[in-house]
Structures are given as C-alpha cells and as structure tokens.
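The values are calculated or read from the model by the stated rules, or taken from the named source; none is laboratory data. Quick caveat: nothing in here was measured; it's all calculated off a predicted structure. Note that each Cβ is placed from the backbone with ideal geometry, even for glycine, and that neighbours are counted across all protein chains shown. What goes into the accessible areas is simple: the full protein's heavy atoms, side chains included, and nothing from ligands, DNA or RNA. Shrake-Rupley method; radii C 1.70, N 1.55, O 1.52, S 1.80 Å.
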Amino acid sequence: MGARSLRSSHDPVALEGGTSIMALRALALPNDFGPLEKMLVRTFQYPDNPEWGIQADEEENISSQIKTLRKIWPLIRVLQQFIPSLKDLMRGFVWEEDGQLGAIVMVQRSGKTRTWGVGIVGVLPEFRRRGLARKLLTKSLDDLRQRGAQHINLAVISKNVPAYALYKSLGFEHYSSVIDFDHRPEQAPAGIVIPTGYDEAPLSSMDWKSRYELERRITPEEITSYVPLEIGRYRSPWILRCLNPIMNRLQKTIEERFVYRHRGVVVGLLRHSTSRTGKGTSSILIQLDPAHPDLAPYLVTKGMRAVMAINPSLRIETSVPTWIPPLVEALENHGFSERLRYHMLALLP
C-alpha cells in the first residue's frame, strides 16, 4: 500500500437527495486516512458469503498499514517533489454521504510504466446495490485514460459473480487466476536440506534485477500481453526502495528475503514476514520456476519454520498463481488450504 496527495483536478459531483448530501470526489490524503481506517475492513465483509470477508487477524494488518502511512506522510510529501512517479502510488475516488465514506476505488501505477492496478473496489454493505461501484470505477478508468494508462489490472474473487460481471461489462478480460492459501499449523515442519545443485543467498530489498530476471523468464506469454514485464515496473529510485524497510520498522515487522540459483540462473525467490507484536498474520511469498519442482518443498518449509520460530500461533498466508502447480502441490502437502481463488482481469487500450 502506498500513499500520496490525491486531490484531483476534477471537480466533485455533488448531489442533494432529500436531507442527504452526496458527493463523488477524489480521494484526499492525508485527511481521508482516518475515515479509511474505519471503513476498509467493513467494505470487505460479505454477509451472504462470510468466508470471502477479511478475517479478524487481518484487521490488525490493515489498521497497522494505515497508521504507518499516516506517520510517514510528511516524508512522502517531500519525496513527491523529487520523484514524480511517487504521486501515483495511491489515487482514487470516494462516495461520501452526509460526511461518511460509503464507497471507494483506489488505483496505483506500476513503477514508471503505463500499467496501473485497481487495488480496492469497496462498498460498505449498507451502500450496496446502488451502482456506486460502477460509478466510481468508471470515473477512475476515465481518469487513468487521461493519464495515459495502457494496461489496467485488477483481481476479483472467483465466486463473486456480480463483481465479475461488472468488470466484464466495462471491458476487462480474464487472463489468469491466483489462489490464496492459509494454514494455522500446530507445529513447525521438520527442517530439510536444500536440494543438490541449488545456491541460496540473502536478497537485498534494493535488488530488483533478480525478480525481473526470474519473472521475465518464467511468466507465460499469454500473461505478459496483459501485464508487460517492463524494467520500469521493477527498478524504482533507491530512495523509494528505502521506504519498505522504514515501514517494516514502524509496523514492527520482521522480514527476510532469499534468492535461489541453479547453475547461476535465478530459479526462485522467498520472502517471509511476521510481526514483532505477535498480532495479525504471518506471510510467505514464493516465486518459483515451474521447471524446478524439487525446490518447492524446501521453500515452503523454510518460510514456515522462519515465521513460526517467532510467532508459532499466527495464521500463515500466501498466494500462488495457478500456473505454478509444483508450488500449489507443495503448499497442500504442508497442510495449507485454499481460502479464496481470484480471477485476474485486465483492460487493454
């Protein structure tokens, strides 16, 4: 999650309905941080499908992220003067009614590219079935086109048929799927030795080349036509890359990264993180060349052991593209269960 000053050049649309005052306006930071912290969790609650909603332990993560963004906002404002792309870390529009935020769409530019992601399309339960998601998303898409966007991506829960239909009606195309897994193990798995022929090394948060090298080589061509693998998506200014360690420190998050090579070629990446406070969730993120399935069990084991050594009772979360089946199999063999499946959609020029 990023932050920026988002007062749009567009005039808000204000309406009066009876005694209610309604407005579609640009997201305005830092003023909207407070209302966002109150509403975001509720926008991801689905009374008819509670299993889709944000879990109690995830609420801590969201609250911590927003509080951290508020703390570093003065620094963000200064950096925006020197790094223009930082102004696009968090844009969006909200629906405000009688002083309450009822719906929001947030977007983010991918590095210095013309690819954008729709990070949040959220409507409070009591504001639903009024067409607000379509209204805000249409406004956001029009704004992104004016900013020169060439690719716009988003993810939607696979069983959320109404949302999927909305995005398809706006021109989005389904190009891939991602599975969210979670697990609350009773004990850490036994340690295993890294398979023969692989080299493991710590990965600096400043190292963008390893991720770029791996993803450029293994990402299926049918996906890269929707999500171009441009250097500008990976290589950000060094001062911007310093923000992640700062945010981790403020959120009391412990994070480690590793890179794996086979005969000098990057074939895997591992990042695991957990909280020093013992609250929230732990996470592991693995990227793996599908041609190296023997490395998958080691990566899952190492990530689990690392976070459980600090927080043995926290739920562990991870996400995996469906086109990396060896990783899906390794997670299931370690007790992970599919929690949600997301369809990845993109809007092309």
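Quick notes on this one:
- Straight-line cross-link reach from K168 at under 20 Å between alpha-carbon atoms covers these aspartates and glutamates, not counting any fewer than eight positions away in the same chain: D142, D143, E222.
- In order along segment 189-202, the phi-based Karplus estimate (6.51 cos²θ - 1.76 cosθ + 1.60, θ = phi - 60°) of 3J(HN,Hα) comes to x, 5, x, 10, 8, 4, x, 4, x, 10, 10, 10, 8, x Hz; Gly and Pro are listed as x.
- Whole-percent carbon and sulfur share, accessible surface of the chain, 1.4 Å: 51 percent
- Listed residues S283, V259, F33: farthest to the positive end of the dipole of the chain (Cβ charges): F33
- Of all aspartates and glutamates in the structure, those lying under 12 Å Cα to Cα from K209, and not within fewer than 8 positions of it along the same chain, are E230.
- Cα-only Debye scattering, segment 217-349: base-10 log of I(q)/I(0) at q = 0.10, 0.15 Å⁻¹: -0.40, -0.90
- Packing here is the average count of other Cβ atoms within 10 Å per residue, and on that basis the peptides 91-97, 223-229, highest first, run 91-97, 223-229.
- Surrounding net charge for V41, when Lys and Arg each add one and Asp and Glu each subtract one, Cβ distance under 13 Å: -3
- Rg to Rh quotient for segment 103-146, alpha carbon positions, Kirkwood Rh: 1.05
- Distant-in-sequence amide H partners of V267 (H built 1.01 Å from N, under 5 Å): Y260, R261, H262
- In order along segment 45-50, the phi-based Karplus estimate (6.51 cos²θ - 1.76 cosθ + 1.60, θ = phi - 60°) of 3J(HN,Hα) comes to 10, 10, x, 7, 9, x Hz; Gly and Pro are listed as x.
- Cross-link partners of K279 among lysines (Cα-Cα below 22 Å; sequence separation of 8 or more within a chain): K38, K67, K71, K252, K302
- Accessible solvent surface per residue of the chain, calculated while the other protein chains remain in place, 1.4 angstrom probe, Å²: 48 Å²
- Kyte-Doolittle at least -0.5, axis length at least 30 Å by Cα - qualifying DSSP helices, the chain: 56-80
- Charge context of R263, other residues only, Cβ under 15 angstrom, K/R +1, D/E -1: -3
- Reciprocal mean inverse distance between Cα atoms of the chain - Kirkwood radius, Å: 21.5 Å
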